[in-house]
Every structure is written in C-alpha cells, then in structure tokens.
Amino acid sequence: MDTPALYATAWAVLPPLIAIVLALITKEVYSSLFLGVVVGAVLFAGADFDGIVNHVLQDGLIASLSDGWNVGILIFLVILGIIVALMNLSGGSKAFGAWALRRVRTRVAAEIATVLLGIVIFVDDYFNCLTVGSVMKPVTDEFKVSRAKLAYIIDATAAPVCIIAPVSSWAAAVSSFAGEGEGISLFIRCIPYNFYALFTLVMMFALIFMKFDYANMSQYERNAIENGDLFTIEDANAATADAADAGSDKGIVLDLVFPVVVLVVSCVLGMIYTGGFFDGAGFVTAFSDSDASVGLSMGALVALVIIIIYYTCRRTISFTECMSCIPTGMQAMVPPILVLTLAWSLKAMTDSLGLADYVSGLVEGMSGVAVGVIPAALFLIACVLAFASGTSWGTFGILIPLGLAITNSHPELSTPIIAACMAGAVYGDHCSPISDTTIMASAGANCNHVSHVSTQLPYATTVAVVSAISYVIAGFTSSPVIPLIVGVVLLLGTLVFLRGRESSYRVPESANINRAAAE
C-alpha cells in the first residue's frame, strides 16, 4: 500500500471528526459513519475514483469483516443475542424482573442494583454491556428510568470497571503492551492512579443519591418520569427488541440465573483456555495471555449448547422453539453489528492515514514540556486519540510504549504516566460514538445510539476534566492520595453547583415512593 501524501498529518483526524459531528447533528449513525469512511478514502486516494472505491471496500469493509479478532467478536455478539432470545422466550427475564421488583422498592435502589450488577460482571466489557441490559431493563423500566440513563450506567460500569479489575480482558490487553514480566504488576500499580475510572464510579453513585441530572440527560429523565416516555427519540430497532422481550409467563428465576452463571463461567474458562491455563500456565498468567475474541466466542458457544439442553430438559421451551431463537437473536444483533463494521472500517481509514504516527509525533515533541504536566498531557492526548479512533486498546498500543519510553528518563513518574495513558483511552472508549463498547451499551439498553452518546458525553467529559486536574497534581506528588482526594472533592463540588442550576432536573419525590407504600 502506497503512503498517501497526507499521511501522519492533522488531516488524519478529519474522517472520525466528520462522522462524530454528523452523528450528533443528524441523530443518524449509519450514514454518518459511512460518510466518515468515504472521506478517509478520498484523503487516502485523492482524485482516483477506483482507488477510493477499492479503499472503502477492500481495505475498509471487507478487511474489517475478514479480520479474525473482529469475526470472533461478531460471533460472540450473535451467540449472546441468541441466549438473550432464549431467556426471554423461556420467561426467565420476565420472572427475574418480577422477582426483583418485589425486592427493589425505590428508583434509587433500581439504579444502584444496575450499577452493582455492572461492577460484578467485570470480566469483559462486551459481556457486561449486553448482560446487564437484558437483566435490568424490566426493573429500570418499572421505575421510569430512561433508556438513555440505563445505557449510561451500563457503559460506565463496562470499560471503567474493567480497567481497574486485574482479572479482566482489559488487564490482559494492557499487560501485552508492557515489558516482559511487568504486565499485571504494572496494571495493579496503576489502579490508584486511574482517576477517570475511579471518578466515574463516584459520579454514578453521586448522581443517583443526589437524584438529579443535567445537560441532555435531564430532558430524557424528565420525559421518562413525567410522561412515561423511556426513549424521547423513537428507535424502530429498540421497539422491535422490546417486543421480543415480552416472553412467557411460565418461566422461573432460575431460567435466567442459570444461563447467566453458565455464560460467565464458560467465558472465563474460554479466556484462560486460550491463555494456556490447561497446559500448565497460572490463572493470572493465562488471563494475561488470553485471546479475548476467541475465548469469549468459544465460551459463549459452549454456554449456548448447555443452555439449550437445560431448557429442553426442563421442558420450559421445546427444542424447536430453541432453534427458532437463533434467527431471532441474530436479527436483534444486526444494528450493533452494522455500526461495529462501519466503526472498524473508519478505524482502518485513520490507520491508513497515519493517525497513530501523527499522535506519536505529538508525544515525542513533549520533550520541552514541564515534567510534572506530562501525565496530564498524555491523558488529554489519549482522550482525543481514543475518542477520534473509537478504540481504547489501539490507544494502549500507541501510547503505553511511548509512555514507557518517557519513564526511562523520568522513572519517578512511571506509574502516573502509564495510568494516564490507560485512563485517557478509557474516556474515549466510554463516550466515542464509534466505540464498540458505546455501541454495545446502546444495544444492551435498547436505546437509540445517538441518544446514548449525546446524553453520556457531558457526564464523561465532566469526569475527564476533573481527572486532568488530578493528573497535574499527581505529576508533582509522589502519592495518589492527594490527587484522589482533590479530584473527589472537585467532582462532588461541581455536581452540587450543577444541581443548583435551573437547567438541571431534580427527580421529584413522587418518583422515589417506596413501592410497598404505593401498593
């Protein structure tokens, strides 16, 4: 592949920038992403029409769909869709929802339960997004929590939780970019400095207990509570998925709990299997060396077989009905698969334009920057790169090696520098409209994708600004304690200020009435 004239220049940022801005303006993600891909191809091939078409198809769409990692993720998505369809048809989801509603008495409790479930499922962000959504939707719907708010909670307990969990696919990814034998120990040392992830958890709990929302989210929450409209912006795909979620009345709680437990165990075993655990490697080592794409798809396939046998033996649903869930589950996953494919293609365009090399040049030009602000500078660069490219793991691969090179001359800043690279990458993964995790959070909540992005972005950016300030402090201290305390105080103070603004929306007490009292 010839190197284009605009390679590794600021033009490499234009394709994702166009896609993101158009998606937020038009509220339509498919055409926005595709136009971003086309712009990338034009910048790459110039006025050569054949070259543009070839770059879009061969190097973009076809290459994305033939990549082994991507195919594994798509298989995992499809199988998850089938399992969710099985749980719904069996009535397991409905039974769990009814069981939970007898115990969850307030709106606050419903949101906290969703957060806690998201934290518990820390093994992988993809698995987290789709599982938490399918399990908690009946509960949050009952308490008129908007789908945008549900999608935010799902997304905020995906990447931000995985990046501080030593046993997760994210820990394995970060470890693979570190030096030999340093991976997991480096990851663990970075946890107290991963300000974005930690502050995101503080943000969620604070918003729930303070019972208010601001920016775009306030409109969605007001509409849900006062008008009973959980969506605000209608989405045909979400409506179809909700209709499929109706389910049978003969299911029991075990019809949901058993499949979820089997899925969790199978996926963990699948991941450590690919890491060599059954060939003698230790558990942590196996997780570090695992192939998340293969392990998750393998585990999901084994779980699917076990779940079908379980439902058939229990006579909850027949074998024929189980087979009917295969096309139903696949159909439910078509929208996120389309968005993922276009997002991967857009990343291929930015790769061909040298976005990574452009950012590397920016980082290497930081030699004149005051040493203490290096962590904050890397954090902001990681935020921009991950937001523009939609990939946190790709950002890890670019910035962590550069961060390690910087620490050779500034060893005292090694931990905050690497943590800053990780945290900035998580911000991009958390809120970029072309991030696969953001796409899956929308799918998990059956929420319009642009609604999710536009409501989540102000929340994530608030945390990112506070995190940047904490990294400035961390660059001049030898401990994470002071920047953590300052960051939490600053974040809570910001929320208190925003809560007093007229534009914010306070949840009325009538929406938090104890269900037992109401009934």
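Residues in the range 4-52 that are touching a residue at least 12 places away in the same chain (Cβ under 8 Å) and over 30 Å from the mean Cα position of the chain (by Cα): Pro4, Ala5, Leu6, Ala45, Gly46, Ile52.
Pairs linking a residue in the range 470-492 that is among the aromatic types (Phe, Trp, Tyr) to a residue that is surrounded by 13 or more Cβ atoms within 10 Å (Cβ to Cβ) and in a helix (DSSP H, G or I), with Cβ atoms under 7 Å and 6 or more positions apart or on different chains, are Tyr471/Phe195; Tyr471/Pro375; Tyr471/Ala376; Tyr471/Phe379; Tyr471/Pro416; Tyr471/Ala420; Phe476/Gly372.
Considering Met298, Met349, Met330, the condition of being crowded, with 23+ Cβ neighbours inside 10 Å and in contact (Cβ under 8 Å) with a residue 12 or more places away in the chain is satisfied by Met349 alone. I'd like to check something: does the range 365-379 contain any residue that is modelled with pLDDT of 75 or more, in a helix (DSSP H, G or I) and either closer than 30 Å to Asn70 by Cα or polar (S, T, N, Q) (or both)? Within the range 365-379 (the criterion being modelled with pLDDT of 75 or more, in a helix (DSSP H, G or I) and either closer than 30 Å to Asn70 by Cα or polar (S, T, N, Q) (or both)), the answer is yes, since at least one residue qualifies. Each residue in the range 301-321 was checked for being touching a residue at least 60 places away in the same chain (Cβ under 8 Å) and either open to solvent by 90 Å² or more (accessible area, probe 1.4 Å) or out of contact with any Leu (no Cβ under 9 Å at 6 or more places or on another chain) (or both), and 1 of them qualify. Scoring Thr3 on the criteria (1) closer than 15 Å to Ala348 by Cα; (2) in a helix (DSSP H, G or I); (3) open to solvent by 40 Å² or more (accessible area, probe 1.4 Å) leaves a single failure, condition (2). Summed over the range 96-124, residues that are over 20 Å from Pro259 (Cβ atoms) and of a type in the set (Asp, Glu) total 1. Restricting attention to the range 186-237 and to residues that are touching a residue at least 24 places away in the same chain (Cβ under 8 Å) and small (Gly, Ala, Ser), the residue that is nearest to Ala443 (Cα to Cα) turns out to be Ala224.
Restricting the range 263-295 to residues that are aliphatic (A, V, I, L, M), open to solvent by less than 50 Å² (accessible area, probe 1.4 Å) and within 25 Å of Val132 (Cα to Cα), the residue that is modelled with the lowest pLDDT is Ala292.
Inclusion of Asp67 among residues that are touching a Phe, Trp or Tyr at 6+ places or on another chain (Cβ under 9 Å) and acidic (Asp, Glu) is warranted.
A quick yes/no check of all residues on (1) at pLDDT 90 or above; (2) out of contact with any Ser or Thr (no Cβ under 9 Å at 6 or more places or on another chain):
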residue	(1), (2)
Gly444	no, no
Ser451	yes, no
Thr455	yes, no
Thr461	yes, yes
Val466	yes, no
Ser470	yes, yes
Ser478	no, yes
Val489	yes, yes
Gly493	yes, yes
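A residue that is at pLDDT 85 or above and not hydrophobic (A, V, I, L, M, F, W, C) cannot be found anywhere in the range 389-408.
Please verify whether Val21 is under 27 Å from His452 (Cβ atoms) and either open to solvent by 60 Å² or more (accessible area, probe 1.4 Å) or aromatic (Phe, Trp, Tyr) (or both), treating the condition exactly as stated. Spelling it out, Val21 is indeed under 27 Å from His452 (Cβ atoms) and either open to solvent by 60 Å² or more (accessible area, probe 1.4 Å) or aromatic (Phe, Trp, Tyr) (or both). Of all residues in the range 26-46, count the ones that are more than 20 Å from Val334 (Cβ to Cβ), part of a helix (DSSP H, G or I) and modelled with pLDDT of 80 or more. Going through the range 26-46 one residue at a time, the tally reaches 10. The residues of the range 57-69 that are assigned to a helix (DSSP H, G or I), open to solvent by 20 Å² or more (accessible area, probe 1.4 Å) and in contact (Cβ under 8 Å) with a residue 60 or more places away in the chain, listed by number, are Asp59, Leu61, Ala63, Leu65, Gly68, Trp69.
The values are calculated or read from the model by the stated rules, or taken from the named source; none is laboratory data. What you see is a predicted model, and the numbers here were worked out from it, not measured in a lab. Positions of Cβ are generated from backbone atoms using ideal geometry, with glycine treated the same way; all protein chains shown enter the neighbour counts. Only protein heavy atoms, including side chains, enter the accessible area calculation; ligands, DNA and RNA are left aside. Shrake-Rupley method; radii C 1.70, N 1.55, O 1.52, S 1.80 Å.
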